[in-house]
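The values are calculated or read from the model by the stated rules, or taken from the named source; none is laboratory data. All of these numbers come straight from a predicted model, not from anything done at the bench. Quick reminder, even Gly has a Cβ in these numbers, built from the backbone with ideal geometry, and neighbours come from all protein chains shown.
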Amino acid sequence: MPPSSARIRPSRSPSPSPRARARPSTEGGGAGLEAIQPLGRRNRHCAECAAGPLALLVRADGAPHCLDCADLGHLVFLPRGDTALTRRAREASSLSVVVVRRNRRRRRYERQGVLVEEAALALAERRCLADADARARRRERDAARRAAEDVRFTAAFAAEIRTLFPSCPAERAERIAAHASRRGSGRVGRSAAGRALDAAAVTAAVRAAVRHDDSDYDALLMAGVQRAEARRRVRGVVDGVLDGWREARTPRTPRWPGRAEPRT
Ligand SMILES: [Zn+2]
């Protein structure tokens, strides 16, 4: 039977409730219930039922007791290591016991895990799984949102190209916008000015595209011409294309109001 939610304490309650105070506190390992994994052979049998040797014992009145005699036999062991699972299991369990083992070299008891109610552990495991699922779902949503943003941004970028260069073919505008706004590319479209669709940034993206696609710029670079010199040589061609695109499109026919392509 799953524990009722009333038994689940908030993880960071400012002060323990009277009920929480009344039951044995296991916080900080101070006055809490403790079970020991014994090291030696001595005192490893239950003082009450003589069962043993015990792998786990509880000291009461100076004598070892088995978990059953200590009324803790219904608890299950959760090894240390998963902080979130441990915290949740202890919160959901009305009874929890810290399991310790003596470290002889360090001369101290070290925590090995906790004993909690099986239902509490199951609940805690479900919640941790749900958290992992929620994180995965959030990652998916974030990725989808970024993709949608990219699509919107690219469309806005293409629209701005078509505003500045009305005669630029729609397909070219879309290709330039997609190239310029590709996420993570560091291209002009992703700079602050590009995101704000600054006219100079949009023009720079168009100019770069025309330089590569409509001039000998790339061939000049391949031939070993310095970048500045190559740019100087193709400037006339590039400016010519840009000037042509800046001119207003040929008027659309009224019968085809949605037609975006200039008639050529
Ligand atoms: Zn016993």
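Take ASP61 and decide whether it is more than 8 Å from the ligand (Cβ to nearest atom), over 27 Å from ALA119 (Cα atoms) and among the charged types (D, E, K, R). In short, yes. Looking at ALA230, is it modelled with pLDDT of 90 or more and small (Gly, Ala, Ser)? Criteria met by ALA230. Contact annotation: residue pairs with Cβ atoms under 6 Å, 6 or more positions apart or on different chains, pairing a residue in the stretch 45-56 that is modelled with pLDDT of 90 or more with a partner that is near the ligand (Cβ under 6 Å from one of its atoms) and part of a loop (DSSP other than H, G, I, E, B), are CYS46/CYS66; CYS46/CYS69; GLU48/CYS69; CYS49/CYS69; ALA51/CYS66; LEU54/CYS66. Can you list the strands (runs of 3 or more DSSP E) lying wholly within the stretch 58-106 that have 2 or more residues being in contact (Cβ under 8 Å) with a residue 60 or more places away in the chain? So the answer is 97-103.
No other residue among ARG90, ARG42 is at pLDDT 95 or above and of a type in the set (D, E, K, R) apart from ARG90.
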